[in-house]
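S.K.: Take this structure first; my questions come after.
The values are calculated or read from the model by the stated rules, or taken from the named source; none is laboratory data. Model, not experiment: these values are computed from the prediction. Here Cβ is always computed from backbone atoms with ideal geometry, including for glycine, and neighbour counts include all displayed protein chains.
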Amino acid sequence: MDSNYAVYCGIDVGKGEHHAVGLTAAGKKIYDKALPNDEAKLRAVFDRLASHGSVLVVVDQPNTIGALPVTVARVGGHEVGYLPGLAMRRIADLYPGQAKTDARDAFIIADTARTMPHTLRRVDTGDEALAELEVLVGFDDDLAGEATRVSNRIRGLLTSIHPALERVLGPRITHPAVLEILSRCGGPAGIRQAGKRKLTAIAVKHAPRMGARLATDILAALDEQAVVVPGTAAAETVLPKLADSLKETLLQRKAVAADVERALDDHPLSPVLTSMPGIGVRTAARILIEVGDGSAFPSAAHLAAYAGIAPVTRKSGSSIRGEHPARSGNKKLKRALFLSAFAALHDPTSRAYYDKKRDEKKKHNAALICLARRRCDVLYAMLKNKELYRNPTPSAA
């Protein structure tokens with residue numbers, strides 16, 4: 001972002017009220033007050049600052065509790081920027097004093113915007129499709145975490161009372177047939193009491209191909225343990241409730257996935273992203289939320305560094321040198337690019353590059369990071385030119 005503004009307004013956002021500090025281009029403080037999280041009050045302050053000239057509004061959190069001031073500023077025709085929290089904390093160490101107050105934080109945000117505009121990020125809240133995607137994907141992330149928690153709870157409980165049964169059901173814990181068996185039969189005693197006929201009927205109904213084999217494996221696992229571990233009776237009561245909870249969570253994820261797909265279809269860059277091998281609906285939505293149209297990044301290298309997939313050079317004199325994986329960056333974007341690279345291994349071009357890195361003695365994860373970095377260049381070009389993915393053609397002999 002450039003630095004050609006008359007006023008820099010830094011806002012330390014809060015739930016009930018924010019704190020705003022306004023600085024002129026010369027660094028003179030012209031506003032320093034608590035600011036209620038109210039549209040009329042926000043608009044009045046921005047209009048007052050605008051009497052001095054163009055205004056840049058910078059927040060430390062553009063979403064959730066910071067969404068209203070960002071939106072009001074945008075509606076008022078003011079530019080909006082975002083100072084990432086980690087950058088702000090590092091920059092705060094350069095200012096005198098150890099106090100942690102809203103007023104000090106707001107001043108640091110405004111002064112950083114005035115003196116170091118390169119540290120700011122754009123806020124793409126003007127895109128309605130992106131705003132909807134962010135809400136839906138955030139809820140989907142919460143559901144995914146809940147599904148993981150409940151499935152781990154079920155597996156842990158099965159392991160404690162009947163390890164052999166967990167070895168059969170654990171790897172398939174999210175399968176509808178397994179959840180239905182646990183929901184209707186409970187634990188080892190309930191499954192044994194149900195009998196082979198009922199167990200097979202439940203399994204085949206929800207898994208026609210593997211149902212009979214699953215029932216046979218479950219009964220064989222039950223025969224491996226004769227003793228009853230303390231707590232088994234309570235587990236018989238808890239397991240059906242956990243299975244029902246996991247079923248409900250998975251159904252919600254399925255419904256949210258459909259909503260995400262509909263919201264993604266409304267964005268013009270949706271066909272561009274999904275045309276790339278390995279990028280599905282959820283991954284495309286996450287990339288759009290974190291990157292937008294990519295115009296905030298001068299080059300693909302900047303995007304890779306932001307995602308944390310670009311190697312970091314470490315050198316001390318002439319004895320210590322080399323490149324190491326980055327430990328920083330946008331972790332959500334890094335995960336999306338990493339998973340898309342893993343999913344793209346079925347693509348011949350991606351697979352050939354992955355195999356090349358493996359031949360160079362790189363481990364699996366390191367080779368995937370290399371592939372993600374290479375795909376990042378392609379992704380940046382696709383976003384910049386608004387073009388669909390094209391398979392590389394072999395060069396002429």
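S.K.: Is it true that R253 is not assigned by TED's automatic domain parsing to the domain that holds F342 and not aliphatic (A, V, I, L, M)?
M.R.: Yes.
Each row is one residue, and each column tells you yes or no for (1) free of Cβ contacts under 8 Å to residues at least 24 places away in the same chain; (2) closer than 23 Å to L199 by Cβ; (3) surrounded by fewer than 19 Cβ atoms within 10 Å (Cβ to Cβ); (4) of a type in the set (G, A, S).
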| site | (1), (2), (3), (4) |
| --- | --- |
| L133 | no, no, no, no |
| V137 | no, no, no, no |
| D140 | no, no, no, no |
| V150 | no, yes, no, no |
| I154 | no, yes, no, no |
| S160 | no, yes, yes, yes |
| P171 | yes, yes, yes, no |
| P176 | no, yes, yes, no |
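S.K.: Separate question: Identify all residues within the stretch 57-72 that are hydrophobic (A, V, I, L, M, F, W, C) and touching a residue at least 40 places away in the same chain (Cβ under 8 Å); write none if there are none.
M.R.: Residues satisfying the conditions are V57, V58, V59, I65, A67, V70.
S.K.: From the residues in the stretch 346-381 that are touching a residue at least 40 places away in the same chain (Cβ under 8 Å) and more than 19 Å from V272 (Cα to Cα), which one is surrounded by the most Cβ atoms within 10 Å (Cβ to Cβ)?
M.R.: I369
S.K.: Does the stretch 218-261 hold any residues that are assigned to a helix (DSSP H, G or I), among the charged types (D, E, K, R) and more than 37 Å from the chain's Cα centre (by Cα), and which are they? Even if it seems obvious, please write down each step before you answer.
M.R.: Restricting attention to the stretch 218-261, the residues satisfying the condition of being assigned to a helix (DSSP H, G or I) are 218-222, 232-261.
If we keep only those that are among the charged types (D, E, K, R) too, we end up with 236, 241, 244, 247-248, 253-254, 259, 261.
Hits for the stretch 218-261: nothing passes.
S.K.: Among the candidates T148, T159, single out the residue that is farther than 22 Å from L214 by Cβ, polar (S, T, N, Q) and in a helix (DSSP H, G or I). Walk me through it before giving the result.
M.R.: Working: T159 fails: farther than 22 Å from L214 by Cβ.
Of the residues listed, the single one that is farther than 22 Å from L214 by Cβ, polar (S, T, N, Q) and in a helix (DSSP H, G or I) is T148.
S.K.: For the stretch 122-148, what are the residues that are modelled with pLDDT of 90 or more and either touching a Pro at 6+ places or on another chain (Cβ under 6 Å) or under 13 Å from T71 (Cα atoms) (or both)?
M.R.: none
S.K.: Would the stretch 287-298 turn up any residue that is aliphatic (A, V, I, L, M) and without any contact (Cβ under 8 Å) to a residue 60 or more places away in the chain?
M.R.: The answer is no; no qualifying residue exists.
S.K.: Could you list, in sequence order, the residues of the stretch 7-29 that are surrounded by fewer than 16 Cβ atoms within 10 Å (Cβ to Cβ) and either without any contact (Cβ under 8 Å) to a residue 12 or more places away in the chain or touching a His at 6+ places or on another chain (Cβ under 9 Å) (or both)?
M.R.: Those that are surrounded by fewer than 16 Cβ atoms within 10 Å (Cβ to Cβ) and either without any contact (Cβ under 8 Å) to a residue 12 or more places away in the chain or touching a His at 6+ places or on another chain (Cβ under 9 Å) (or both): A26, K28.
S.K.: Right, here's the next one. Of the numbered conditions (1) touching a helix residue (DSSP H, G or I) at 6+ places or on another chain (Cβ under 7 Å); (2) in a helix (DSSP H, G or I); (3) among the β-branched types (V, I, T), T174 satisfies every one except a single condition; which is it?
M.R.: Answer for T174: the failing condition is (2).
S.K.: Residues in the stretch 244-261: is at least one among the hydrophobic types (A, V, I, L, M, F, W, C), without any contact (Cβ under 8 Å) to a residue 40 or more places away in the chain and under 21 Å from F338 (Cα atoms)?
M.R.: No, because not a single residue in the stretch 244-261 is among the hydrophobic types (A, V, I, L, M, F, W, C), without any contact (Cβ under 8 Å) to a residue 40 or more places away in the chain and under 21 Å from F338 (Cα atoms).
S.K.: Still on this structure: Which one of the conditions (1) assigned to a helix (DSSP H, G or I); (2) surrounded by fewer than 20 Cβ atoms within 10 Å (Cβ to Cβ) does V272 fail to meet, given that it meets all the rest?
M.R.: (2)
S.K.: Could you say which residue among A92, A110 is more than 30 Å from T283 (Cβ to Cβ), in contact with a strand residue (DSSP E or B) (Cβ under 7 Å, 6 or more places away or on another chain) and among the aliphatic types (A, V, I, L, M)? Before you say what the answer is, go through the steps one by one.
M.R.: Details: A92 fails: in contact with a strand residue (DSSP E or B) (Cβ under 7 Å, 6 or more places away or on another chain).
Being more than 30 Å from T283 (Cβ to Cβ), in contact with a strand residue (DSSP E or B) (Cβ under 7 Å, 6 or more places away or on another chain) and among the aliphatic types (A, V, I, L, M) holds for just one of A92, A110, which is A110.
S.K.: Would you pick out the residues in the stretch 31-55 that are over 15 Å from H78 (Cβ atoms) and either touching a residue at least 12 places away in the same chain (Cβ under 8 Å) or not assigned by TED's automatic domain parsing to the domain that holds R114 (or both)?
M.R.: Once the filter is applied, which keeps residues that are over 15 Å from H78 (Cβ atoms) and either touching a residue at least 12 places away in the same chain (Cβ under 8 Å) or not assigned by TED's automatic domain parsing to the domain that holds R114 (or both), the stretch 31-55 yields D32, K33, A34, P36, N37.
S.K.: Would you pick out the residues in the stretch 283-306 that are touching a helix residue (DSSP H, G or I) at 6+ places or on another chain (Cβ under 8 Å) and at pLDDT below 90? It would help to see each step written out before you state the result.
M.R.: So in the stretch 283-306, the residues touching a helix residue (DSSP H, G or I) at 6+ places or on another chain (Cβ under 8 Å) come out as 283-295, 297, 299-300, 303-304, 306.
Those that are touching a helix residue (DSSP H, G or I) at 6+ places or on another chain (Cβ under 8 Å) and at pLDDT below 90: I289, E290, V291, G292, D293, G294, S295, F297, Y306.
S.K.: Go through the stretch 186-205 residue by residue and tally those that are surrounded by 19 or more Cβ atoms within 10 Å (Cβ to Cβ), hydrophobic (A, V, I, L, M, F, W, C) and within 16 Å of A164 (Cβ to Cβ).
M.R.: 2
S.K.: Here's another thing I want to ask about it. State which residue is modelled with the highest pLDDT when the search covers only the stretch 88-99 and only residues that are surrounded by 16 or more Cβ atoms within 10 Å (Cβ to Cβ) and farther than 11 Å from V58 by Cβ.
M.R.: I91
S.K.: Right, something else. Hey, any hits in the stretch 37-52 for a residue that's within 20 Å of P117 (Cβ to Cβ), part of a helix (DSSP H, G or I) and among the aromatic types (F, W, Y)?
M.R.: yes
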